[in-house]
Amino acid sequence: MSAGVAIAGLGLLASWLLVRAKSRRAEREHPPTGSFITVDGVKLHYLERGQGPVLVLLHGNGVDATDWEHSGLLDAAAEHYRVIAFDRPGFGYSERPRTTVWTPDRQARLLHHALQELNVDSAIVAGHSLGTLVALSMGLQVPDFVRGLVLVSGYYYPSVRMDVMVGAPPAIPLVGDALRYTVAPLAGRLIWPAAVGRAFAPLPVSERFRALSPWMSLRPSQLRANAADSSLMVPAAMSLARRFGKLKVPVQILSGTQDGVCDCAHNAERLHAALRHSELSVTPGVGHMLHYAEPGKVLGAIDAIASQVGVPAHLPSARENAVAAAGESGV
């Protein structure tokens, strides 16, 4: 028995050393490329590009703000908007203090305070997957601040989620800590191709997505954030669903008919029926990663909100200004 315990201990030590090495290498190869702001005692990392009306992008679980960058949407939107994409608490390079239960409502409050510190007085807010719950929470909390919402492949109504039961253990105190520093990242790396394939199905995984490092997502800190958000997802949806009727801001809802992560009929179509000020766009043959498959449709939905609330949807880009200046000068 003592020999078995010793072997198990050595195995855990080897796992811990490997996870630490992989995590440190991932951070060296993918350092933070944005800016930091500390608000309410929490250090947040965010990407910011472009000028014009403010557009806030909120990523889903398992990734960070660079997901919007790799999809192509961040740079496309930055041609006409001031785009701010946050690493949500615990993801990427943002902190997630353990003294707070980071429900979507609490995340929305923190990010709103961060935006105020960045001198933003109003914004269009777009979210993908679990990020849509944070976006909806912000729309309910500060409707005078949120000009409108763009919700992509979102989860809005509670349902039985096997992925929650599988992914939640790293959030359990003590036991979860041991798991996420040893075997959980290694197990996550084994199932990573299948999980990513399911998210993109029935389409192939985008080559742009492959630029994201699996080991950035499998770092112990991010595994805890991902597990905690997963475990809070169903109760958060239950709480928000009771308040959807109070939502006052215009909403664009986008979904793929083949979304195997957030079923279109159960979520997008049902939410559209429940809201007074919403438009629904359903794309046939597309799965959960709609912002990779159809970034133009997502940008079109953002422009539609901008037009609806009186924000100029297409401010001239730097390239367009240069062309215009050249024409006026006769060059």
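The values are calculated or read from the model by the stated rules, or taken from the named source; none is laboratory data. Note that this is a predicted model, so its numbers are computed, not measured. All Cβ positions, glycine included, derive from the backbone under ideal geometry; neighbour counts span all protein chains shown. Keep in mind that these areas ignore ligands, DNA and RNA; they rest on the heavy atoms of the full protein, side chains included. Shrake-Rupley method; radii C 1.70, N 1.55, O 1.52, S 1.80 Å.
Side notes on the structure shown:
- Between the amide H of S281 and those of I253, L254, S255, distances stay under 5 Å, these residues lying 5 or more places away or on another chain, with hydrogens modeled in the peptide plane.
- Rounded to 10°, Cα long-axis angle of helix 318-329 versus longest principal axis of the chain: 30 degrees
- Reachable lysines from K22, criterion Cα separation under 25 angstrom, eight or more residues apart if same chain: K43
- Theoretical FRET efficiency, 1/(1+(r/R0)^6), r = Cβ-Cβ of R198 and T100, R0 35 Å, to 0.05: 0.70
- Axis angle, to the nearest 10 degrees, between helix 104-117 and the longest C-alpha principal axis of the chain: 50 degrees.
- Cα gyration tensor, the range 47-122 - rounded (a/c under 1.5), prolate or oblate: oblate
- The protection proxy used here, the mean number of other Cβ atoms lying within 10 Å of each residue, ranks peptides 246-257, 190-201 as follows, highest first: 246-257, 190-201.
- Leading residue at positive end of dipole, the range 207-277 (Cβ point charges), from V261, S221, L247: L247
- Among 130-136, 283-289, 207-213, sorting by the average number of other beta carbon atoms lying within 10 angstrom of each residue, highest first, gives 130-136, 283-289, 207-213.
- Couplings 3J(HN,Hα) of the range 51-60, computed from phi: 9, x, x, 7, 10, 9, 10, 10, 7, x Hz, in residue order, whole Hz [Karplus 6.51 cos²θ - 1.76 cosθ + 1.60, θ = phi - 60°; x for Gly and Pro].
- Between amide H atoms placed 1.01 Å from N, distances below 5 Å from V56 occur with I84, I124, V125, A126, all of them 5 or more places distant or on a separate chain.
- Rounded to the nearest 20 debye, the dipole magnitude of the chain is 980 debye, with +1 charges on Lys and Arg beta carbons, -1 on Asp and Glu beta carbons, and the Cα centre as origin.
- C-alpha center-to-center spacing [the range 4-57, the range 192-256] in angstrom: 17 Å
- Given charges at Cβ of Lys, Arg, Asp, Glu: the chain dipole, positive-most of S122, L55, P235: P235
- Spin-label model distance (nm) - I7 vs E279, 7 Å beyond Cα toward Cβ: 6.4 nm
- Mean accessible surface per residue for the chain, computed with a 1.4 Å probe while every protein chain stays in place, in Å²: 44 Å²
- CD proxy at 222 nm, helix term only [per DSSP H run n ≥ 4: -39500 (n - 2.57); per residue of the chain; nearest 500]: -14000 deg cm²/dmol
- Highest mean packing comes first when the peptides 78-90, 258-270, 33-45 are listed by Cβ atoms within 10 Å, giving 78-90, 258-270, 33-45.
- Candidates A114, A187, A293: whichever shows maximal mean-square fluctuation once the chain is modelled as a Gaussian network with Cα springs under 10 Å: A187
- Close amide H contacts of G260 (hydrogens built in the peptide plane, cut-off under 5 Å, sequence separation of 5 or more or a different chain): H288.
- Karplus (6.51, -1.76, 1.60) ³J(HN,Hα), θ = phi - 60°, over the range 235-241, in Hz, Gly and Pro reported as x: x, 5, 5, 4, 5, 5, 4
- The portion of the accessible surface of the chain made up by carbon and sulfur, rounded to a whole percent, is 59 (1.4 Å probe; DNA, RNA and ligands excluded).
- Shape call, the chain: gyration tensor on alpha carbons, a/c limit 1.5: prolate
- Vicinal HN-Hα couplings computed from phi for the range 250-261 (Karplus, 6.51 cos²θ - 1.76 cosθ + 1.60; Hz; Gly/Pro x): x, 9, 9, 10, 10, 7, x, 5, 9, 5, x, 9
- Principal-axis tilt of helix 183-200 within the chain, Cα atoms, nearest 10 degrees: 40 degrees
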